[in-house]
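Visitor: Okay, here's the structure, questions in a sec.
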């Protein structure tokens, strides 16, 4: 055994990888989501100053009936809030909210979305942006008068401090896929860097050990890339309603994987060890150089449904709050360690096969 490979036989980092993965699976799948507002219904799609209307609220994981004391507000901007005149609780996840918009006009956009905010002591706050559209009238009807008023601030609410994942409309329970889909891609890039490192070292030293290690790391990384495409496709089906779209991020990721799959075709088409190693190392460098613009640059230059591209935010705010981070970062570390473990097994298997071939030839 090469002295440089002794670390591969150590067990502490492998145990850490397994422990972290089990922690992510158990904790990531058992932690509940925060209460949220799944949907609202109204007899009006557009409301005007002076009008009264009712919003039917469908909650998720809420306890409207248990608590009973529900407050509801509509937010126009940071200094205009409107409290519900009446709250009718139907069950834990359903309530009807009655509002009357003030007749006072002020400068605003022609049409703006009103954000719905609900609060009770058990659930804390739940928010749904753009719950209903508000239109500023060109001229107020002088015959319409009411005592409704905008207030400049909300009361101080007691927040639910339980360990829960954020509720995001549309994502719902699939927000847990962050631990798998996103973590797989990040781990893939890190492991591909290891493959690139050993490819460069082979070209400098002509040591076939580096060629074998580069191929082993690339194999683990591409497996992660394929799993990333699969988990992303499942996520897209749930959130976008289709397994695949012409979205630039998805297409660039697929092209990057096809480029790397050609790496294995090149390796399999050469039987001469030295020639195969030189071609593989050069192509590994080319593949990683192509991966960067395909994954991280081109999608950011155009509009994209995928979070993190075209002005669509990702990994920030409610998308990745402190509770999600408790499992997201350990997930990345576990996938890296498990990917390296798979790579070392692949490498050691190839070394043993090479020794067997040499023995048979002798």
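Visitor: Test each condition in (1) at pLDDT 90 or above; (2) part of a helix (DSSP H, G or I) for residue 243 and report the one that comes out false.
Guide: Condition (2) is where residue 243 drops out.
Visitor: While we're on this one: Against the definition (part of a helix (DSSP H, G or I), in contact with a helix residue (DSSP H, G or I) (Cβ under 9 Å, 6 or more places away or on another chain), at pLDDT below 90 and closer than 27 Å to residue 22 by Cα), how does residue 238 come out, yes or no?
Guide: Yes.
Visitor: Just the residues that are assigned to a loop (DSSP other than H, G, I, E, B) and in contact with a helix residue (DSSP H, G or I) (Cβ under 6 Å, 6 or more places away or on another chain), please, taken from the stretch 246-279.
Guide: The answer is 270, and nothing else.
Visitor: Can you say whether residue 66 is touching a residue at least 40 places away in the same chain (Cβ under 8 Å), assigned to a helix (DSSP H, G or I), out of contact with any strand residue (DSSP E or B) (no Cβ under 6 Å at 6 or more places or on another chain) and loosely packed, with under 14 Cβ neighbours inside 10 Å, as far as the supplied structure shows?
Guide: Yes; evaluated as a whole, the condition is true for this residue.
Visitor: Also, I was wondering about something else. For the condition free of Cβ contacts under 8 Å to residues at least 60 places away in the same chain and at positive phi, what is the one hit in 225, 241, 232?
Guide: 241 is the lone residue from the list that is free of Cβ contacts under 8 Å to residues at least 60 places away in the same chain and at positive phi.
Visitor: Determine the pairs where a residue that is over 14 Å from residue 84 (Cβ atoms), located within the stretch 42-54, has a partner that is in a strand (DSSP E or B) with Cβ atoms under 6 Å apart, the partner being 6 or more residues away or on another chain.
Guide: 44/53; 46/133; 46/135; 48/135
Visitor: Residue under question is residue 264, and the condition is that it be touching a strand residue (DSSP E or B) at 6+ places or on another chain (Cβ under 8 Å) and either surrounded by fewer than 16 Cβ atoms within 10 Å (Cβ to Cβ) or more than 30 Å from residue 324 (Cα to Cα) (or both); does it hold?
Guide: Considered against the rule, which asks whether it is touching a strand residue (DSSP E or B) at 6+ places or on another chain (Cβ under 8 Å) and either surrounded by fewer than 16 Cβ atoms within 10 Å (Cβ to Cβ) or more than 30 Å from residue 324 (Cα to Cα) (or both), residue 264 comes out as no.
Visitor: Which residue pairs have Cβ atoms under 9 Å apart, sit 6 or more places apart or on different chains, and have a first residue in the stretch 6-20 that is assigned by TED's automatic domain parsing to the domain that holds residue 333 and a second that is in a loop (DSSP other than H, G, I, E, B)?
Guide: Within 9 Å, the pairs are 8/1; 9/1.
Visitor: OK, next. Whether any residue in the stretch 57-69 is over 12 Å from residue 118 (Cβ atoms) and within 28 Å of the chain's Cα centre (by Cα) is what I want to check.
Guide: Checked the stretch 57-69: at least one residue is over 12 Å from residue 118 (Cβ atoms) and within 28 Å of the chain's Cα centre (by Cα).
Visitor: Quick one: would you say residue 283 is at pLDDT 90 or above and farther than 30 Å from residue 26 by Cβ?
Guide: yes
Visitor: Out of the residues in the stretch 23-38 that are in contact (Cβ under 8 Å) with a residue 24 or more places away in the chain and surrounded by fewer than 13 Cβ atoms within 10 Å (Cβ to Cβ), state the one that is nearest to the chain's Cα centre (by Cα).
Guide: 29
The values are calculated or read from the model by the stated rules, or taken from the named source; none is laboratory data. As the structure is a prediction and not an experimental result, all values here were calculated from the model. Quick reminder, even Gly has a Cβ in these numbers, built from the backbone with ideal geometry, and neighbours come from all protein chains shown.
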